[in-house]
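Notes for the one structure printed next.
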Amino acid sequence: MTARGGRGIAVRVDHTEPEQVASLFERVGELDILVNDIWGGDDLIEWGKRLWETKLEDGLLLVDRALKTHIITSHYGLPRLRTGGLVVEVTDGDGFYYRGHFFYDLVKTTVIRMAFALSQELKDRGITAVAVTPGFLRSEWMLDHFGVTEANWRDAVERVPEFIASETPLLLGRCVAALAADPLVASKNGRVFASWDLADEYGVDDADGTRPHFVRWLAANMPEVAAGMKRADDGLYAYWGEMPYRTPG
């Protein structure tokens with residue numbers, strides 16, 4: 001943040017601890033944008049196993065990390081949001097299809113519902129609440145998982161072809177900034193949006209000047225997967241099948 005011209009202040013906070021979160025917001029004071037993007041669950045998912053086959057303690061820990069943290073943070077942060085502000089819940093996927101694992105599906109779809117619930121509770125304060133999803137996110141965890149870095153990430157494409165349509169976290173951040181600057185953002189209240197759609201709508205590019213569109217890539221290269229995709233706006237509960245980038249190799 002500082003390198004890009006702002007003033008970045010790092011504060012270590014355990015968002016499962018209400019006292020720490022309360023202390024954080026006492027320090028922050030009033031704010032205009034609140035983004036709930038707390039996760040910490042990649043190592044807790046047992047892909048391919050059903051609810052009764054998974055480690056219950058891992059699933060319940062995932063609920064703590066991926067849902068309770070959002071609730072705690074919103075509880076203390078929302079009272080400090082100014083009129084005209086924006087609250088963003090970061091999820092995975094913009095539909096209500098099954099996401100391949102009980103606990104993963106539970107937390108990611110619940111986050112979308114959280115945004116809708118907050119949109120109802122905040123509308124009389126002039127605050128907009130939305131959920132957003134990245135595409136195939138080229139996060140630090142995913143780079144480590146594939147054994148590459150941001151400098152040579154394309155080396156992983158031979159093993160995982162869809163990784164070519166991945167995006168950095170900066171793209172979603174720029175989409176959130178565009179939402180916050182949109183004078184008509186209230187028209188989006190309570191809905192879920194994907195980075196690929198927001199990037200097209202607002203003319204936002206990723207760090208390297210490209211504009212990844214994961215669904216468009218799927219349609220061209222994995223049509224059998226793309227054909228099963230249904231967005232939440234369709235009002236349908238559709239099965240997407242197993243996301244290819246969730247079970248690499």
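The values are calculated or read from the model by the stated rules, or taken from the named source; none is laboratory data. In this text, all values refer to a predicted model and were calculated from it rather than measured experimentally. A quick note on method: Cβ atoms are made from the backbone with ideal geometry, for glycine too, and the neighbour counts reach across all protein chains shown.
Observations
- Which listed residue is in a loop (DSSP other than H, G, I, E, B), of a type outside the set (D, E, K, R) and either free of Cβ contacts under 8 Å to residues at least 40 places away in the same chain or in contact with a helix residue (DSSP H, G or I) (Cβ under 9 Å, 6 or more places away or on another chain) (or both), from A207, A219: A207
- Of all the residues in region 183-230, those that are on the phi > 0 side of the Ramachandran plot and surrounded by fewer than 14 Cβ atoms within 10 Å (Cβ to Cβ) number 2.
- Subset of region 157-182 that is assigned to a loop (DSSP other than H, G, I, E, B) and not acidic (D, E) - its residue that is surrounded by the fewest Cβ atoms within 10 Å (Cβ to Cβ): R159
- Here I38 fulfils each of the conditions (1) touching a helix residue (DSSP H, G or I) at 6+ places or on another chain (Cβ under 7 Å); (2) closer than 25 Å to I127 by Cα; (3) surrounded by 12 or more Cβ atoms within 10 Å (Cβ to Cβ); (4) touching a residue at least 40 places away in the same chain (Cβ under 8 Å) apart from (4).
- Lone unmet requirement of (1) within 13 Å of N36 (Cβ to Cβ); (2) in contact (Cβ under 8 Å) with a residue 24 or more places away in the chain; (3) surrounded by fewer than 23 Cβ atoms within 10 Å (Cβ to Cβ) for L106: (1)
- Residues in region 43-94 that are under 20 Å from R12 (Cα atoms) and modelled with pLDDT under 95: none.
- Candidate set: region 70-90, residues that are closer than 19 Å to T16 by Cβ and within 14 Å of the chain's Cα centre (by Cα); chosen: the one surrounded by the most Cβ atoms within 10 Å (Cβ to Cβ): E89
- Note on region 183-196: residues that are under 27 Å from R4 (Cβ atoms), in contact (Cβ under 8 Å) with a residue 40 or more places away in the chain and out of contact with any Gly (no Cβ under 6 Å at 6 or more places or on another chain) amount to 4.
- Within region 134-144, being of a type in the set (F, W, Y) and either on the phi > 0 side of the Ramachandran plot or in a loop (DSSP other than H, G, I, E, B) (or both) holds for one residue alone: F136.
- Candidates are the residues of region 118-133 that are in a helix (DSSP H, G or I) and in contact (Cβ under 8 Å) with a residue 12 or more places away in the chain; the one that is surrounded by the fewest Cβ atoms within 10 Å (Cβ to Cβ) is Q120.
- Contact map, region 161-176: residues that are farther than 11 Å from H213 by Cα paired with residues that are crowded, with 21+ Cβ neighbours inside 10 Å and of a type in the set (V, I, T), Cβ distance under 7 Å, separation 6+ or inter-chain. Pairs shown: L172/V132; C175/V132; V176/V88; V176/V132.
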